[in-house]
1. Once Rh is set to the Kirkwood radius over Cα pairs, what Stokes-Einstein translational diffusion coefficient, in µm²/s, holds for the chain at a temperature of 37 °C and a viscosity of 0.692 mPa s?
2. Give the calculated FRET efficiency between A218 and E367 to the nearest 0.05, with a Förster radius of 35 Å applied to their Cβ-Cβ distance.
3. Once both labels are modelled 7 Å past Cα along the beta-carbon direction, what's the A249-H67 spacing in nm?
4. With just the Cα atoms defining each centre, how far is region 211-244 from region 31-50? Give it in Å.
5. Per residue of the chain, what 222 nm ellipticity follows from adding -39500 (n - 2.57) for every DSSP H run with n ≥ 4, rounded to the nearest 500?
6. Along the Cα-to-Cβ line of T164, 7 Å from the Cα, sits a label point; which residues in region 98-116 have backbone N less than 18 Å from it?
7. Please list 3J(HN,Hα) in residue order for region 123-134, calculated via the Karplus relation 6.51 cos²θ - 1.76 cosθ + 1.60 where θ = phi - 60°; whole Hz, with x for glycine and proline.
8. Placing +1 at every Lys and Arg Cβ and -1 at every Asp and Glu Cβ, with all other atoms neutral, what dipole size does region 51-309 have around its Cα centre, in debye to the nearest 20?
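Where a number appears in this text, it was derived from the coordinates with a stated rule and is not lab data. Here the structure is a predicted model, which means the values were calculated and not measured. No Cβ is skipped: glycine too gets one built from the backbone with ideal geometry, and neighbour counts run over all protein chains shown.
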Amino acid sequence: MFDLLLRRARLVDDTLTDIAIKAGKIAALGEINGPAVKTIDLRGEHYVSAGWIDSHVHCYPNSPIYHDEPDSVGINTGVTTVIDAGSTGADDVDDFYAITREAATDVYALLNVSRVGLIAQNELANMANIDANAVHDAIKRHPNFIVGLKARMSSSVVGENGITPLERAKAIQKANGDLPLMVHIGNNPPNLDEIAELLTSGDIITHCYNGKPNRILAPGGELRASVARAIARGVRLDVGHGSASFSFAVAKQAISLGILPQTISSDIYCRNRIDGPVRSLANVMSKFLAIGLSLQQVIACVTDHAAAGLRLKHKGRLAVGLDADLTIFDLRRQSVLFTDVENDSLQAEQLLTPLAAIRAGKGYLTEQGSAEHAFDL
Ligand SMILES: [Zn+2]
């Protein structure tokens with residue numbers, strides 16, 4: 001007896017499948033004849049993918065600058081898993097962890113290498129805040145919650161310290177099992193070339209399509225040589241849209257050169273969720289459809305690529321035995337005018353519309369899903 005059986009779910013390759021769930025895991029795929037406690041027939045009308053994973057959010061409610069509630073950026077918007085990118089360092093991660101246990105969304109953290117986390121904009125301006133022992137102890141306390149490290153390498157954050165905080169972060173990473181390190185790029189110094197040369201396979205550059213002078217493109221529009229070498233070494237590109245870090249012009253030019261993002265993420269928190277320009281992960285994903293990525297490419301960036309980048313082995317794919325995390329959504333014909341952070345706009349004709357999320361087998365309708373009574377979960 002299955003707990004839940006979704007019948008005739010449309011996958012992003014447009015094939016139909018049934019999906020059976022038991023004890024929070026995917027129990028069977030293909031043509032399934034039950035029995036199940038609950039059966040929902042999607043009649044091929046709605047898409048289903050592995051649960052969406054947002055690789056870069058801010059959802060520590062007690063953060064003084066970039067705060068939000070995990071479920072407001074997660075399950076309520078069809079996102080089953082969020083990775084908070086450095087809102088907390090070693091000092092506050094225990095508090096953050098306790099709060100996330102109450103959430104329906106599955107929450108993980110990239111620990112800020114600065115022990116104070118994002119309590120101010122300049123967490124790496126004082127080198128004393130980079131305390132290797134404090135990081136090590138925090139990872140020991142939360143081995144299943146802390147999935148990597150975060151270092152924000154832009155001028156307002158590092159103050160007079162230049163590239164030194166990143167050198168320290170790389171040493172800390174090495175001493176802690178080579179966890180993924182996400183590096184935020186923004187205004188220089190430090191120069192992006194200096195940053196890129198230090199990064200190694202599995203490291204993640206977030207805000208990869210920012211429009212600041214420290215962008216991944218050289219003035220002539222070609223990819224910077226240092227970034228090309230980093231990508232060749234296995235460094236990953238993450239979107240991290242945010243309030244100040246996404247340019248349509250840079251994204252279009254990079255994508256035309258074949259420089260695709262590994263992961264599409266929002267860098268969402270309450271202010272850019274409510275006032276824009278982020279609004280939701282679905283909104284950011286829809287921008288990439290408008291730029292020209294296929295539905296399959298966009299969904300891969302928030303499912304299997306995201307799980308691979310953050311080493312969430314039990315997520316990101318539809319396969320028997322993996323977490324029963326699913327997103328049910330439509331791709332609607334709808335005229336939308338998108339904006340980036342450079343006051344540039346892009347006309348789009350389709351919008352990804354999440355209707356529900358299933359997290360560890362339990363169903364949650366989004367606002368849209370419940371307003372439309374699309375199905376009963
Ligand atoms: Zn961020």
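1. On the way: Rh = 20.8 Å.
After rounding, the answer is 158 µm²/s.
2. Numbers: r = 43 Å, r/R0 = 1.23.
The formula returns an efficiency of 0.20 here.
3. 3.7 nm
4. The distance from the Cα centre of region 211-244 to that of region 31-50 comes to 41 Å.
5. Details: 13 runs with 98 residues, N = 377.
Computed mean residue ellipticity for the chain: -7000 deg cm²/dmol.
6. Within reach of a label on T164: 113-116.
7. Going residue by residue, I get 5, 10, 7, 10, 4, 5, 6, 8, 10, 4, 5, 5 Hz, with x marking Gly and Pro.
8. Working: 20 positive and 26 negative charges, 140 e Å.
Roughly 680 debye, rounded to the nearest 20.
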